[in-house]
Structures are given as structure tokens and as C-alpha cells.
């Protein structure tokens, strides 16, 4: 099973044509067409590559966010953990000069926060919204503390090659993001871990009866979120060629929006990974298009909010009998 | 196959089981045996100890005293894993299925077939394995369909397949037909017959006398935590069984008391059709009468109720309440004195965590507090009046509704609308999930309501109830009313003949 279109009964019941296309795909098509008409710079190969590259960091966050939301959870700390991991990476690479050590340190920072989130949610049974709101504050505070509110500069020049480099002509961030998507897809749809994620949100009792540790599963899901935030930190640091204590603020909002736009429900373990990919692209296209039209970033945030509502409204219209 | 026909020790046996909870003796020296290929009915009123006994059997509760024997050998059952070892599986009323996993993934949840790499699942492997399990129970369905697309009956089949795939030899079913239509019930019974032939033992908890006698090879009756008898259905009649259950001789047939002459027309439905699938609905209900709405599950009864109440839009015809046309909104209906008591009390009729008092005053807030300011004392006063009137068994007006028995919860729903001064009631399956004793009381309550001049439209799947309780009845089939039965024509046979699909 891979997403909703793979289900034969679904295809049989819904009439062919538009009704079969999920809301997020329609939104994406309309956005592309709209910006294509409104801005001459939009539909150029360079700009499209730009959109894809710029969407990679968000995708790295939105992938684990999909899994976490499918467990009826939430990770509000992701943006702040991304920031903190980015600072850890920058500081380590400056101190040691070793990429490997710095990457390990950044992933370690992400995993540490993932572990704390997982423990708070599973062992202490704190609602995910509250638990990760708490760790958001801690991660953000640590970032400010470590940097004294300043940017961390002076990282080696070659680091930005991670963001601007290419493999076989394909920008490196896209390779990383594609790999992450493939891994998450296999994880969700082909492994026991993924099966149990559906069960965590759909029927936790079933999981308990089957003898699976619900706590262990929850910890693993949030650990996955921390790990991916660590990888995203690598891309973000390379992109900015520095680390800044406010760089990742609000990224969790974009990630949650992309997941919601993509059609993943906040209840019953109803998730769709490919929808998240489309949702990330919709957010990316929207931001890029509005940038081209010189819309201020405050209005962009509002428009992403509107995007969520429109996409879900379209899905809601079609689920009517 | 009769119980006596199976030689040798029973497949599984519980001896002298006792279980205490703080302040309650839930089970007192209960013995119970299960034989291969036998359907063993477990009956008793709510609170008799049926569920506790089953939880002891499946290892969810640990017995204080007593012994277990598997094929004559003493064994211990302290946790669910022990029970599973002996092939005991329980089909709970609340299914243990994951909605967005497919049938095969659900059947093998936690026991996935390993794929080529660690952590990977052999999807093709579980699909073909699931197909084989489904074939053994004669359930022809594609195991790749996600469970959330299935109906209740199909989900139950998956649940049973799941148990069988774990080599269950003893299946415990807790009121399996509670949510099934007649046709689905037939399919379930056919499957149970098939399982019996394969030597599976079935412990079946039921409130429905008809199925107890239709299915059971043996019937064990519990009352107040004690076993009051194990009887054979061929040697016992329904009345005797009910007498065993309630410990006193109860008239199960609830003689319909004399009713006053029906008064003015309260509800008049003319040529109503709705997008929900009903058409040409004509019916009337007068003050002082109970009118039945019968038909198979899915024939459109609930849709008619929702259309009348204004919960669903109508596309044709008109509905008049007390002679005035109503505008099709629930606000308008309730303001004019209509009440709908839905089938699913828990999700639609009650705030379970709130107190009895809060629930009762909920629908009459505007009448009780015209200024908009909530006065706790007045609320409690109003609630107490209703509690007394309906004789709701609750220790206090402040007790959470969820802790009351099914029958008393139903009374709270009715009380809520009494408090709102409703004069026309629609009851959708008023006795679902309620035990025999409480049923009779609910019927007396309906009777009292019409005596006081209310009018009632009652939906029920159980024809016997319609016949016993109603003055007249309409029968539905495929979204239309196919007949009206006056009092002297109101028999089960007539209802069934009219309602059956042709």
C-alpha cells in the first residue's frame, strides 16, 4: 500500500477526473499556474531548481513531522532544535575542523532533544503539544545562551559546498532530500516500525494487545524527528554559511502546515507521505512566488495559513457523500 | 452436536473462580467448562459477572481463588500471554483494529512476516497468509483493503480472522451481534457453525434470548457474581432462563397496558423525501400513542428520524408538528417540543464525564435560566425532580453519567428532554445494550410518557419489541414505507413479511 490512490475500491467508487486529485495537488497546480502568469521569473529552469533546493530543509522536517502527527502527536520543538543543532555544528566545525565530528555533534544534539521529547511524551505521559512546547523553549534558550544572541561565523568556506554542490548535475541538497524521502517511505510503508506508527494513532490498544511497547515506539518516533532536524541543520548551516540563533524560528509551523496541506489527518493514524512532499512543494512555491512578487515575509506567513485552510477545505468538500 | 456427545475432559475448565474488587465480590466460586466444537452461551444481567469471568479467562484479570485446567491438566493463567498459549482469544466489542492499515496488516499486527532485511515486512507474504486465514472462515475479500473502509460486520470478521491466525481454539465473543444487521447476523452464525465443525470452542455472551436458543449448545447463567445454573437449551424455555437470570419470575412479554384513546395529531409527515435516501414518507403520530417504525437495518428508519428532527435536509414534502410546519432545523424542532433520543447514547446523547444533573438540565437551559445566568441550585432542583420522576438509580445528582448502568443512562437522556418540556419523542433503538430487567422499565417509562399525553415514534430492530410496545407501526423497506399495521394486525410475522427484501 502506498498512499490513497493505491486502493482499488477507492478508485472504483470515485468518478474519474478532478475528484480523484487530492486537494494539495490542485492547490499546487493552481499556485504554479498563477505565479507563472503573474511573474515572468517564475517558470524558468533556474527558479524551479531554486524552489526545489530551497524546499529541502523543510522536507527534512516535514517527513518526521508526518510520522509524529500520525501518532496523534506533534513536535513544536523542531524549528528550535534545528537552530540549536546548526549552532552545535558551526561551533564544532570551527573548534575541531572536522566535518565528521561536527556532523556527529549536530546529529547528537538533535537526537538528544528527540529523546527528551520521546521520554516526556511516553514515560511522563505529557501531551505532545505541551512537552514539545517546553523543549522548544529550552532549545531556543540554549541557542541564545551559547551564542550570546550573535551569529556564529567563521566556518570553513568548503562547508557551503554541501548546499551549492552537485552530484551528476543534481544539487546536493536535492540528493539528500530525495534519499531522506525514500528512506522515510520505506520506513513507513515497508517496515514493522511504520506499521506500528499507523497503529499508534489508529488504535494504541491494538498495539498493546499485540505485545508491542507503545513507549518504545513513541520514543523512536521522536528520536527520528530529532535525527532529521540534525541533518536539516547541516543543510541550513551550509546554506547560510553561518549559524544564527533565530534562523530556524517558525520552521515547525511550515512543517506542520505542509503535513496538514498534504492531507495527513491529526486523528486515527491517517497519514500520506507523498502528500507531505506535495505540501512542502506548495509551501515552497508559495514562498518563492510571493518573493518574486516582492510580498513582505509577514504576509507570506499569513498566506501559508490560508494555504492550509484552502487545501483542507477542498479535501473536506470531496469527502462529502 | 450436544455437550454430552463429546467424550473426555473438557478443552478448558475454570473451577471455583473468585474475584474481589474493592467493595464488590465480582465472582464467587464460579466454575465453567468449555468443550471443543461447542457454543457455550454465557448470559446474565448487566453486572452479573460475565465480563469479569471472561477477563479472568483471557488473563486480563488475575483470579483471587480458583484453578484452571487445560485438557484436564492444571495450568495457571496470570497474564494475557498465558491465555494465548492455550489458544484463548477474545473478540471485544471495541475492536482492536487499526483503521488505516489494511486487513492483512491488521491480522498480523505484531506478528509480521519478516522481509529480506531486518525490520522489513514481507507484504506479499502477509497478504497471501491473510487470504488463507480469510478463506477458512469463508470471508471473500481482498486483504489489501484498509480496515476503515469496512463495515462493522466485516471488521468483526477481520477480528475473528486475527484470532484464528493466532491458532485460537477458544473464541470468546462479547455480544457480537450488537451492531450487526439481520443479514450480517446470519453470516456470523454461518461462520460460527463452520468454526464449530473445525472443533473451535466458542464462548458467547449475549443479551438476546433468540440467539441464545438458536446458537447455544449449553447455557450458563450468572447472577450477582455466582453461577446459578448450566442448562441445555432443548430442556429450558425462555421464561425459565429469564427467571434464572433475574432471580425472580419476570414477565418477559411485558403486557401492553391499556392506553387512552389517541388524541390530536402531533406529528404529520407528508410526502417527505430526502437526499439521505428516503422518499414518499407519509406518517402521523397522535398524542397518547406509541408508533413503531420497523424494517431491516439500512431500510431508512434512522434517516426518517433525522429528517423529522431536522438533522438532515429534506428535498420534498412537509413536516408539521402540532399543526405547524417546521422549518427543518434542529433548533426549531427542539423549541417546539420535539426530542430525538439517538441510537448511540454515548456519542450523541450524553456527556459521559459530566454529572447526571448537568446532563439533565442541558437541553432546558433557556427555560430554566431565561436571564442566561446559570444558577446551580435551580439546576440541581430541576435535575432532582427528573431523577425522582424517572426513578433514575444514581447515588447523587453529581455522579458522572458514565458510571451508571445502560438503563439508567438511557433514563438520563429521556430526563434531559423531559426537562426541556418535550412533547414528542423519537426513540431510535431505545433498548440497545440494555439488560432484560432495565428493558421492561424503559417500556414502562415510555408508557408513562404517553399516558401523560406525549407522543412517541419508536424505531426498533427487534420486532418483538414493536409488537409489545407499539399501538401502530410503519414498516420500511429501501427508503420507503411499505405498510402500516394497525393494532390488530401488529404481529411479528406481518412486520417480517412486509420488511423483507424481495
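The values are calculated or read from the model by the stated rules, or taken from the named source; none is laboratory data. The shown structure was predicted, so the numbers you read here are calculated from the model rather than taken from an experiment. Reconstructed Cβ throughout: ideal geometry from the backbone, glycine too, with neighbour counts over all protein chains shown.
Numbers for the structure displayed
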quantity	calculated
Residue in the range B:31-39 that is assigned by TED's automatic domain parsing to the domain that holds residue B:231, part of a loop (DSSP other than H, G, I, E, B) and modelled with pLDDT under 80 present	no
Within the range B:289-402, strands (runs of 3 or more DSSP E) holding 1 or more residues that are closer than 15 Å to residue B:417 by Cβ and under 21 Å from the mean Cα position of the chain (by Cα)	B:338-341
Residue among B:482, B:475, B:467, B:496 that alone is farther than 27 Å from residue B:321 by Cα and in contact with a helix residue (DSSP H, G or I) (Cβ under 7 Å, 6 or more places away or on another chain)	B:496
Among (1) within 11 Å of chain B (Cβ to nearest Cβ); (2) touching a residue at least 12 places away in the same chain (Cβ under 8 Å), the one test that residue A:180 misses	(1)
Residues satisfying the stated conditions in the range B:109-150, i.e. in contact (Cβ under 8 Å) with a residue 12 or more places away in the chain, under 33 Å from the mean Cα position of the chain (by Cα), part of a loop (DSSP other than H, G, I, E, B) and more than 9 Å from chain A (Cβ to nearest Cβ)	B:137, B:138, B:139, B:141, B:143, B:150
Qualifying residue in the range B:73-88 (condition: in contact with a strand residue (DSSP E or B) (Cβ under 7 Å, 6 or more places away or on another chain), assigned to a strand (DSSP E or B), in contact (Cβ under 8 Å) with a residue 40 or more places away in the chain and buried (at least 21 other Cβ atoms within 10 Å of the Cβ))	yes
For residue A:229: the one exception among (1) surrounded by 21 or more Cβ atoms within 10 Å (Cβ to Cβ); (2) within 13 Å of chain B (Cβ to nearest Cβ); (3) assigned to a helix (DSSP H, G or I)	(2)
Selected residue (only one of A:239, A:215 is assigned to a helix (DSSP H, G or I), more than 20 Å from the chain's Cα centre (by Cα) and more than 9 Å from chain B (Cβ to nearest Cβ))	A:215
Answer residue from the range B:92-108, given it is part of a loop (DSSP other than H, G, I, E, B) and facing chain A (nearest Cβ under 7 Å) and is nearest to residue A:191 (Cα to Cα) among those	B:101
Hey, residue B:450 part of a helix (DSSP H, G or I), modelled with pLDDT of 85 or more, in contact with a strand residue (DSSP E or B) (Cβ under 6 Å, 6 or more places away or on another chain) and over 19 Å from residue B:321 (Cβ atoms) or not	no
Residue match in the range B:412-432 (condition: surrounded by 15 or more Cβ atoms within 10 Å (Cβ to Cβ) and farther than 27 Å from residue B:287 by Cβ)	no
Residues of the range A:198-212 that turn out to be facing chain B (nearest Cβ under 7 Å) and either part of a loop (DSSP other than H, G, I, E, B) or modelled with pLDDT of 90 or more (or both), as a count	6
Verdict on residue A:193 being under 30 Å from residue A:147 (Cβ atoms) and within 14 Å of chain B (Cβ to nearest Cβ)	no
Among residues of the range A:244-279, those that are in a loop (DSSP other than H, G, I, E, B) and either over 21 Å from residue A:174 (Cβ atoms) or free of Cβ contacts under 8 Å to residues at least 24 places away in the same chain (or both), counted	15
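The rows are residues; the columns are (1) surrounded by fewer than 20 Cβ atoms within 10 Å (Cβ to Cβ); (2) outside the structural domain of residue B:464 (by TED's automatic domain parsing); (3) modelled with pLDDT of 85 or more; (4) within 27 Å of residue B:300 (Cβ to Cβ).
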position	(1), (2), (3), (4)
B:178	yes, yes, no, yes
B:196	yes, yes, yes, no
B:206	no, yes, no, no
B:242	no, yes, no, no
